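The values are calculated or read from the model by the stated rules, or taken from the named source; none is laboratory data. Just so it is clear, the model here is predicted, and its values are computed rather than measured. Cβ placement follows ideal geometry from the backbone for every residue including glycine, while neighbour counts extend to all protein chains displayed.
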Amino acid sequence: MKQNKFYINPGKKFLDFLHGDFKNNKIRFIKASILALILGLIIGFVAIGAAGSNPFSFFVWVFRIAFLKEFASITIVYICIYIIGALSLAVGFKANLFNIGVPGQMMGSGCLVLIIGILAPINNQFLMILVCLIVAIVSGALISAIAGALKAYYNIHEVVSTIMIDWIIFYFFKWLFVQSGASGTIFDAGNFVSKASTNSAFTLAINGNQQLIWILPLIFALVIVALLWVIFFKTRFGYKIKLIGESQSVAKYSGVNYKSTVIWLMTLSGAIAGVLGMIYYMAIDAGQINFTIDQYPIFGLNCMSATLIGFNNPIGIAIFSILWGILNSSCLPTSQLPFFHISKDMAALIFGIIIYFAAISIVFLQFEPFVIFKSMQLAYKNNKAKFKKLRKEVYKNMFDSKRFFGNKKERAEIRHNLRYAKNYYHSFLKENYKVYKKNKPVYTFSTFIKNKSEAK
């Protein structure tokens with residue numbers, strides 16, 4: 001019976017997906033991300049089961065609670081800030097620049113936004129948001145540009161410079177706010193918590209409706225995703241970023257202005273971190289900042305896992321940030337339900353396990369057991385008969401009475417051929433695997449030996 005040419009075998013497609021499509025690297029990245037996520041969830045399931053709770057029921061409730069009326073708006077806000085924070089890091093990661101200073105940049109921008117919200121006499125919500133957005137973008141960009149200039153002109157590693165700048169920002173704003181605490185201008189007198197803005201215009205909730213606080217963050221997140229996708233894949237600047245990420249020396253020899261590109265990259269990363277700070281302090285922390293402990297907000301670094309599992313692709317980051325936002329907003333409330341025997345620390349541990357496996361998703365790019373099995377199977381199938389025939393001929397020649405008692409040089413040559421065949425058979429299998437990975441025709445064992453002989 002003739003098979004329908006439009007028929008698609010789902011089992012074969014699934015196995016092809018596991019094997020990996022070497023013509024399209026995107027499939028490999030998607031597979032690595034999914035495998036990392038699945039493994040993280042499995043370990044999370046085991047941890048919940050060990051605590052005496054039903055892991056399937058737990059995760060069902062996580063998703064149910066995330067989109068209840070009371071939690072839906074804050075869940076979407078968390079999704080948006082994960083997207084924006086991860087994209088801020090992805091801009092640098094694309095060019096092998098590690099902007100670890102995202103927490104400080106979002107805090108610096110957030111503090112300036114809070115000062116505007118508390119002190120500025122602006123009563124129009126649209127104007128207040130616009131002013132805060134401009135201040136956040138400019139301040140975040142300037143802070144990050146300092147680290148970019150130090151990297152470009154003095155080759156000071158961006159990790160060191162951004163961490164140092166973060167602490168400078170933290171103590172500067174702590175000093176500034178604490179100095180104003182005595183008069184109660186920005187801080188409540190006698191403590192280290194900023195005043196919540198009494199200005200009704202200082203909010204992202206449209207018309208003051210807290211159920212609609214997610215709309216503006218979602219718009220900002222989608223705009224940034226679209227903007228970075230265009231920059232990365234459709235512009236000359238994006239191609240420069242890719243070149244620098246692959247090799248600085250190649251980029252320089254290709255005519256890329258390395259110094260200016262690095263500074264602009266760090267500036268762009270900081271600007272996005274500034275938007276993150278504005279949303280975080282206007283929507284999540286409700287217009288307040290706390291200096292009771294000497295620690296800047298680490299939320300910016302928590303977004304790194306979404307960057308890594310999304311492999312710096314804006315679309316991939318946006319997709320995985322949805323799960324991150326859901327887990328962040330509802331994992332803790334779910335653990336407090338009476339029918340789950342899970343502590344707050346256990347809920348944080350589960351979230352951390354999933355994030356950890358997401359962060360090492362690049363390991364799964366090399367996870368190709370199906371390809372190894374396939375290549376070995378192919379090598380065995382194609383060359384088993386030829387190898388046996390070669391071995392039979394060698395032994396026959398060795399024990400043939402005429403050849404065996406023949407000339408010494410001839411016998412030595414036969415023995416050498418036999419040893420050569422045995423020693424190189426395993427090397428041949430490995431070489432065959434490499435060729436298969438490159439999607440080239442699999443060559444035979446005899447061709448392999450011939451090439452080795454010519455090389456010698």
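Checked against the criterion of being modelled with pLDDT of 75 or more and over 23 Å from the mean Cα position of the chain (by Cα), the candidates F357, F340, F370 yield just one match: F340. Suppose we keep only residues that are outside any helix (DSSP H, G or I) and small (G, A, S) within segment 72-130. Which one would you say is surrounded by the most Cβ atoms within 10 Å (Cβ to Cβ)? So the residue we want is G101. When you check L150 against the structure, is it surrounded by fewer than 17 Cβ atoms within 10 Å (Cβ to Cβ), in a helix (DSSP H, G or I) and at pLDDT 75 or above, yes or no? No, not satisfied. G44 falls short of the stated requirement of being buried (at least 17 other Cβ atoms within 10 Å of the Cβ), modelled with pLDDT under 90 and in contact with a Cys (Cβ under 8 Å, 6 or more places away or on another chain). Just one of the numbered conditions (1) closer than 25 Å to N312 by Cβ; (2) part of a loop (DSSP other than H, G, I, E, B) is not true of I137; which one? Condition not satisfied by I137: (2).
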